[in-house]
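Beneath this line is the structure, given in structure tokens, with notes to follow.
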Amino acid sequence: MTFKHDIVIIGAGLAGLRAAVEAIPSANVAVVSKVLPTRSHSGAAQGGIAAALGNEEEDHWEWHLYDTVKGSDYLGDQDVIEIMVRDAPRAIYELEHMGVPFSRRSDGRIAQRNFGGHTRDYGTAPVRRACYAADHTGRVVLDTLHDECLRRRVRFYAEHHVLSLVFEEKRCAGVVTYNLVSGRLDFLQARAVLLAGGGCGKIFRTTSNAFATTGEMLGLVYQSGLPLQDMEFVQFHPTGLYPLGILISEAARGEGAVLVNGLGERFMERYAPRIRDLAARDVVSRAILTELQAGRGVGGEAYVHLDLTGLGERKIREKLWEVASLARTYAGLDPSRQPIPVAPTCHYLMGGIPTDGDGRVLADEKGNVAPGLYAAGEAACLSVHGANRLGCNSLLDLLVFGRRAGRAMMEEVASREGRISGPVDPVPAVQERLNLLTGQEGRERADDLRQQMQSLMMDQASVFRTEGGLKSAIGLVQRLQERLKRMAIRNRGRIFNYELMEALELQHQLALSEVILTSALHRRESRGAHFREDYPERNDATYLKHTLVFSGLPPRVRYKPVRITRFQPEARDY
Ligand SMILES: Cc1cc2nc3c(=O)[nH]c(=O)nc-3n(C[C@H](O)[C@H](O)[C@H](O)COP(=O)(O)OP(=O)(O)OC[C@H]3O[C@@H](n4cnc5c(N)ncnc54)[C@H](O)[C@@H]3O)c2cc1C
């Protein structure tokens, strides 16, 4: 069937919902989510949202700007970072007014805590800048925004899987969805489409990300001939619960937990003498892996300890109960008495779909836009995080730029008169593609191919990379893409056909793996989360620029300049 809306938003995480709240008063808005909306990964965010409120101690947006630029290893675009950090206090108070139950100080003001890379006075000491609701911040903000959307009568298409973007003379005119419950394909027609489908952490074997984090929005954009930006920058969070990779929030270190190696040493003193365990994530992840490679893991194993025992039971119960519950459930230990085994886990994609400051998708390195198409959230790349994101800056990014995208779409919709003419019904072509896939003869299994992809990405493209490793990984990914053509789908049913959906996700994941590897291969330097053992230094003369990759055989790589307004690149130490 065909449904008409002014605005269709894909993704019910914080980026999508914040955009919906903004656009709904004057536009007819629909939100599509392949999972139940409140199961979006944003609900798993624990630690907090960064804003220089200065409730605990002196703080300024200029310091937040500096920290974000430095954290990004000078690859972030400073004009958009400035928009974000200046808007941060407003974004927090807005949530407060919507009813988000932030943790409070005894004087009633919103409490704030430390987080990695957030400092006072341009890097001299840690500053308490993260606003939080215990350690379930994402959950309460997601529920609040979801309620707001229901109250404002946003139309939800829950458990609808977007399979295809529809273009009419290069303008995005809607999407085709698969309704998991009924098995039906629908065309959701729109004047503006927002891609807020989250990141792609599931490409790697060990990740903190939810199962749905498969990066299809990125895949669909790439498939449409549009570029992806800075995809070599994938963040590994230092403290994944070993061996599962489930996140132990940085809030733990923010509240005073410390990292300890197998010799009982607080090894971060060697890597970041000034702010130690509160250094930026890329620095801490590399430090942990360096300790492990030197044989200083705990008991000779591939993990170090995160020690919360000095915090006291009460603080853990009040501020870190989610961390404690994860440690109890998945490792069977009580963090007020025993240290938690941790190792780096794939966490966040700094790269993504290039956009301007209002979420408009950029079609090339010259700044031309793809009409009708917007992106926000982890799927987008503005770039406010550059080569490495600071903790608590993602939720902030979603709120600030989700809102701006919602507003820009609303204005675009209002300025274009008349009905949407609508392209030829795109559903039969998508159905045909599904039929071909389910009718395919072969013995390859999606599960198998996925596991091989995840292992090879983990081995060759996680924290440390080399030319040889990346080249061999590209060859292997291409072989997996060949084998994908011989994949058999056993489930021929129409409803809840997860096997078919996972096969489609895998097609995108393999394409994105190739983009990550290609971008990483071409960047012959080390910057932020991208560390090349064969080029261990940052090289501003050649590589202070954003990577764009377009699809092709092989993928085509281009570059565009970084926008620097206030802070020239400097040596980066903590
Ligand atoms: C465990 C964890 C803890 C974190 N903690 C913090 C923190 O404390 N502070 C912070 O700033 N950041 C944190 N982050 C990062 C932050 O939570 C994420 O970057 C952010 O939530 C991403 O939000 P989003 O709106 O872009 O997408 P998501 O919340 O990931 O939502 C994606 C949405 O897209 C939908 N979707 C995807 N593909 C399709 C499709 N094909 N069809 C239909 N729908 C689709 C999904 O159903 C979902 O609704 C954390 C991340 C993790 C994993």
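The values are calculated or read from the model by the stated rules, or taken from the named source; none is laboratory data. All figures in this text were calculated on a predicted structure; none of them were measured in a lab. Cβ sites come from the backbone with ideal geometry, for glycine too, and all protein chains shown count toward neighbours.
The set of residues in the stretch 355-377 being more than 16 Å from Glu22 (Cβ to Cβ) and among the aliphatic types (A, V, I, L, M) consists of Val361, Leu362, Ala363, Val369, Ala370, Leu373. Scanning the stretch 123-145 for residues that are touching an Asp or Glu at 6+ places or on another chain (Cβ under 9 Å) and either polar (S, T, N, Q) or at pLDDT below 95 (or both), which turns out surrounded by the most Cβ atoms within 10 Å (Cβ to Cβ)? Step by step, filter the stretch 123-145, then rank; the result is Asp135. The residue of the stretch 97-122 that is farthest from Ser325 (Cα to Cα), among those that are among the polar types (S, T, N, Q) and at pLDDT 95 or above, is Thr119.
For the stretch 147-163, state whether one or more residues are within 23 Å of Val549 (Cβ to Cβ) and either crowded, with 18+ Cβ neighbours inside 10 Å or within 13 Å of the ligand (Cβ to nearest atom) (or both).
Yes - at least one qualifying residue is present in the stretch 147-163.
The set of residues in the stretch 201-238 being among the hydrophobic types (A, V, I, L, M, F, W, C) and in a loop (DSSP other than H, G, I, E, B) consists of Phe204, Ala210, Phe211, Ala212, Leu226, Met231, Phe233.
Inside the stretch 95-133, can you point out the residues that are more than 12 Å from Glu56 (Cα to Cα), touching a residue at least 40 places away in the same chain (Cβ under 8 Å) and either part of a helix (DSSP H, G or I) or of a type in the set (Val, Ile, Thr) (or both)? Correct list: Leu95, Met98, Val100, Thr119, Thr124.
Take Val284 and decide whether it is modelled with pLDDT of 95 or more, within 28 Å of Gly123 (Cβ to Cβ), crowded, with 23+ Cβ neighbours inside 10 Å and more than 16 Å from the ligand (Cβ to nearest atom).
For Val284, the condition - modelled with pLDDT of 95 or more, within 28 Å of Gly123 (Cβ to Cβ), crowded, with 23+ Cβ neighbours inside 10 Å and more than 16 Å from the ligand (Cβ to nearest atom) - is not met.
The residue that is nearest to Glu505 (Cα to Cα), counting only those in the stretch 434-446 that are in contact (Cβ under 8 Å) with a residue 12 or more places away in the chain and part of a helix (DSSP H, G or I), is Ala446. With respect to the conditions (1) within 27 Å of Ala210 (Cα to Cα); (2) touching a helix residue (DSSP H, G or I) at 6+ places or on another chain (Cβ under 7 Å), Arg337 lacks only one, and its number is (1). Scanning the stretch 355-385 for residues that are within 18 Å of Gln78 (Cβ to Cβ) and within 15 Å of the ligand (Cβ to nearest atom) yields Thr355, Ala380, Cys381, Leu382, Ser383, Val384, His385. For Asp334, work out the one condition from (1) crowded, with 24+ Cβ neighbours inside 10 Å; (2) part of a loop (DSSP other than H, G, I, E, B); (3) out of contact with any strand residue (DSSP E or B) (no Cβ under 8 Å at 6 or more places or on another chain) it doesn't fulfil. Here Asp334 meets the rest and fails (1).
Pairing residues of the stretch 51-63 that are closer than 12 Å to Tyr122 by Cα with residues that are in a helix (DSSP H, G or I), at Cβ distances under 6 Å and at least 6 apart in sequence or on separate chains, gives Trp61/Val85; Trp61/Arg86.
Given Ile203, Ile275, which one is at pLDDT below 95 and more than 10 Å from the ligand (Cβ to nearest atom)? Exactly one of Ile203, Ile275 is at pLDDT below 95 and more than 10 Å from the ligand (Cβ to nearest atom), namely Ile275.
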